[in-house]
Amino acid sequence: MNNKLLKIIKLMFMLSLTLFILGGCNFNSTKKENSEITINFFNQKPEISAQYQKLAHLYHREHPNINIQITTAGQGGGAAALQAKFVSGEAPDIIMLGGLPEIGRYNNHLVDLKRLKVSKKIIPSLTNGGIYNGRMVGIPVDLEAYGWSYNKAIFAKAGIKASKIKNYTEFLNMVKVINAKRKKLGLNAVFGFDGGDTNSIASVSAQFTSLPYHNNLVKAFKSSSFSWKYGKQMKKYYDLIKKYSVQPILSIQYDPSVQNLFYNGKVAMIPQGNWIIPTLDGLQRGFVQKRLGMLPFFIKNDGTDRVMTGSSWYLGITKDHPKKEKASKNFINWLYSSPKAQKVIINEMRFVPATKNFNISRLPDNLSKDIYRVGTSKKAVVPIHKQYPNGFTNQALGPYMQRYFVNDISWNKLKREISIKYRQLREVQSEE
C-alpha cells in the first residue's frame, strides 16, 4: 500500500469519525429537545394570574424539562375562550372549570383523577363537585366562604358585637342600628351590594337554594327545578338589601363595591366571600386581620347557621395530549403538596386549602383559619349556585332579580319566570 493510498484511507476514517460524533451530538440534542414538555394551563381567575406564573417558574426550576404555559381568560369571558380553544383543536392540558355544567361540557375530554395522589387528601364535602357520571374529573382549587363580609371597625364604633348575632331578628336589629347611626359612622349606606353583577346575585341566591340538597352537588346539578323551600327568607334578605343598600343599586359593580365602598369605610357590609381578601390586603397590608369579619345568612334561623363553604373552581386534566398526562398530574400533585407552592398559594393567592388535616397555623389571618374550621366540620354547608344550568345566572336569575330591585316585577311573578327558565334550560342541556 503506497503512502498516497494510506493518506486517503486515514482521511476517510477521520471524516467518518467526525460525522459520527456530530451525528451523536445531534442525536443527543434531539433527544434532549424531545424530552422537554410544555403543559398548557388554562386559568379562569385573572386576579391570580401573576401568582400562577410564579408557580410555573418555581416548578420549571425544579423540573427543567417541564414548561408550564399559563393562559388566562376571565371576567365573564373565560368559558367562551375555553370553548374556542377546543373548537380550534388547541385543547389545554390543564383546565380550570366552574361547576358541573361546565365540567359536563368537557367530560369526554377529561381523565379520571380518582387515583391522583392529591385526590385522597381533598375535604370530603368538596369532592362531589368534581364528579361527573361517577368519574372524579376535577380537583377543587381552594375552600371559599360565602356570607356577609363586615367591617369590624365600623361595628365597634356602632357598639355592635358580631358574635352576639345568632338569628335573623338580631341581624335585622343590627342593620337598623347601623342605619340610624350611618351619618355619625360616615357611611353612605349599611350595604354596598353590587346589584349590577349577576354573579353576585347568584352567589347570594345560593344561601337559600343549597340547604335542600344536603351538600350533594351532583343531586343539585341534576335537579329539574329551582328550589323555593327557603323562598320566604330569600325575599326578606333581598328586600333588606333593596332598602339599605347604596343606590341606585343596579349601578354598583363588583370592584367599586369592594374597593370604593367597603375598603373606604363607606358601607358596613357587603355579601361577598373570602375571595376579596387579596384585594383588601393589596390596598392596605393587614386590613383583613384588623378589620374583616364574616357573618352567615340566617336561613334555618335556629342558631346553627354558619357561613357557607365550598369551591367555585376545579382543575381537570384533558386526555387530548396523552404524552402530557403524567407531567400534568405531577404538576397538580406538586401544587397541593410542595411547601414552596403552598407558600405562594396561601400567602400570595390567600387561598384556604381544599385539603384535609391542614395545619391552620400556617394561614396568615384569623378569618381564613375560621373558614377552614367551618369548612372541615360536619356542619359545613356547600353552596350549589355553580350547578345551575349554563346561562341561567345571566339569562334569568340575575336579570329578574335586578328587575325586582327596581320594583319592575312582583316577587310571585319573579318566582314563576325563574322556575320556568330554570326548567327549560335544564331540559335542553340534559338532552345535549
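The values are calculated or read from the model by the stated rules, or taken from the named source; none is laboratory data. Keep in mind that this is a model prediction, so the values were computed, not measured. Cβ placement follows ideal geometry from the backbone for every residue including glycine, while neighbour counts extend to all protein chains displayed. Note: accessible area is taken over every heavy atom of the protein model, side chains too, but ligands, DNA and RNA are not part of it. Shrake-Rupley method; radii C 1.70, N 1.55, O 1.52, S 1.80 Å.
The set of residues from the range 251-296 being at pLDDT 95 or above, of a type in the set (Gly, Ala, Ser) and out of contact with any strand residue (DSSP E or B) (no Cβ under 9 Å at 6 or more places or on another chain) comprises 251, 286. For the range 213-316, the helices (runs of 4 or more DSSP H) that sit wholly inside it and include 1 or more residues that are closer than 20 Å to residue 171 by Cβ and either among the β-branched types (Val, Ile, Thr) or open to solvent by 50 Å² or more (accessible area, probe 1.4 Å) (or both) are 231-244, 287-291. Scanning the range 378-399 for residues that are assigned to a loop (DSSP other than H, G, I, E, B) and surrounded by fewer than 20 Cβ atoms within 10 Å (Cβ to Cβ) returns 378, 379, 390, 391.
Taken together, the criteria exclude residue 343 from residues that are surrounded by fewer than 20 Cβ atoms within 10 Å (Cβ to Cβ), at pLDDT 95 or above and closer than 22 Å to residue 100 by Cβ. The residue that is farthest from the chain's Cα centre (by Cα), counting only those in the range 317-337 that are surrounded by fewer than 18 Cβ atoms within 10 Å (Cβ to Cβ), within 22 Å of residue 61 (Cβ to Cβ) and modelled with pLDDT of 95 or more, is 326.
Checked against (1) free of Cβ contacts under 8 Å to residues at least 40 places away in the same chain; (2) under 25 Å from residue 165 (Cα atoms); (3) out of contact with any helix residue (DSSP H, G or I) (no Cβ under 9 Å at 6 or more places or on another chain), residue 302 passes all but condition (1). If a residue must be open to solvent by 40 Å² or more (accessible area, probe 1.4 Å) and farther than 22 Å from residue 279 by Cβ, how many such residues does the range 346-359 contain? Counting residues in the range 346-359 that are open to solvent by 40 Å² or more (accessible area, probe 1.4 Å) and farther than 22 Å from residue 279 by Cβ gives 3. Looking at residue 143, is it within 18 Å of the chain's Cα centre (by Cα), among the aliphatic types (A, V, I, L, M) and more than 25 Å from residue 85 (Cβ to Cβ)? In short, yes. Assess whether residue 374 counts as being crowded, with 19+ Cβ neighbours inside 10 Å, part of a loop (DSSP other than H, G, I, E, B) and in contact (Cβ under 8 Å) with a residue 60 or more places away in the chain. The answer is no for residue 374. Do we find a residue being under 30 Å from residue 178 (Cα atoms) and charged (D, E, K, R) anywhere in the range 99-112? No, the range 99-112 has no match at all.
Among the candidates 190, 204, the residue that is out of contact with any strand residue (DSSP E or B) (no Cβ under 8 Å at 6 or more places or on another chain) and β-branched (Val, Ile, Thr) is uniquely 204.
On the stretch given as the range 190-212, residues that are more than 16 Å from residue 422 (Cα to Cα), open to solvent by less than 10 Å² (accessible area, probe 1.4 Å) and aliphatic (A, V, I, L, M) total 2. Determine whether residue 367 is outside any loop (DSSP other than H, G, I, E, B), farther than 22 Å from residue 221 by Cβ and either open to solvent by less than 70 Å² (accessible area, probe 1.4 Å) or at pLDDT 95 or above (or both). Answer is yes for this residue. Restricting attention to the range 161-202, the residues being in a helix (DSSP H, G or I) and either closer than 16 Å to residue 303 by Cβ or more than 28 Å from the chain's Cα centre (by Cα) (or both) number 20.
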